[in-house]
Amino acid sequence: MKKVLLTIIAVSALISTYSTAAVKIGLGFDQGFGVTGQFDNINAFVGDDGIAADYIFKRGSFGEDIPLNWYIGGGAFLGWDNGGGVRLPLGLNMAFNAKWDAYFQVHPELDFDHGKNSDTNFSAAAAIGVRYRF
């Protein structure tokens, strides 16, 4: 129940903060299954395994005939049980109508675990989701 309440608070705070921005909200898999949002150049995710936020600093397209766009960002994540870290999302975005889009990204990440078994690991993970633009 705490995770659901935290998710609702985080999403509502982000929406109210960026009320004039392009806002997209949806579902996806990143830090487990959860809620994904995009607010201009910020991608946010709150899931059952943790929370993540990325700043998109470069976007591009493959051409007018191809409906895919690419992006590169930088961000951080925090796991509910096992620490946090930084990541570099490399993604694809596809708008399949005026209001809906889908995304897929891979993100190399440097994970700083804490606690009794603290460790630093380099790995790669992926995220996928769909969002609705308001």
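The table that follows gives values for the structure above.
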quantity	calculated
Qualifying positions in the range 112-126 - more than 16 Å from the chain's Cα centre (by Cα) and either buried (at least 18 other Cβ atoms within 10 Å of the Cβ) or in a strand (DSSP E or B) (or both)	Phe112, Asp113, Asp119, Thr120, Asn121, Phe122, Ser123
Filter result (out of contact with any Asp or Glu (no Cβ under 7 Å at 6 or more places or on another chain), without any contact (Cβ under 8 Å) to a residue 60 or more places away in the chain and surrounded by 14 or more Cβ atoms within 10 Å (Cβ to Cβ)) within the range 91-109	Gly91, Leu92, Trp100, Ala102, Phe104, Gln105, Val106, His107, Glu109
Answer residue from the range 26-62, given it is farther than 19 Å from Ala102 by Cβ and out of contact with any helix residue (DSSP H, G or I) (no Cβ under 8 Å at 6 or more places or on another chain) and is surrounded by the most Cβ atoms within 10 Å (Cβ to Cβ) among those	Gly50
Tally of residues being in contact with a Pro (Cβ under 7 Å, 6 or more places away or on another chain) and outside any strand (DSSP E or B) across the range 84-111	1
Conditions (1) surrounded by 15 or more Cβ atoms within 10 Å (Cβ to Cβ); (2) in contact with a Ser or Thr (Cβ under 8 Å, 6 or more places away or on another chain); (3) modelled with pLDDT of 95 or more; number of the one not met by Trp70	(1)
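The values are calculated or read from the model by the stated rules, or taken from the named source; none is laboratory data. All of these numbers come straight from a predicted model, not from anything done at the bench. Here the Cβ is made from the backbone with ideal geometry for all residues, glycine too, and neighbour counts use every protein chain on show.
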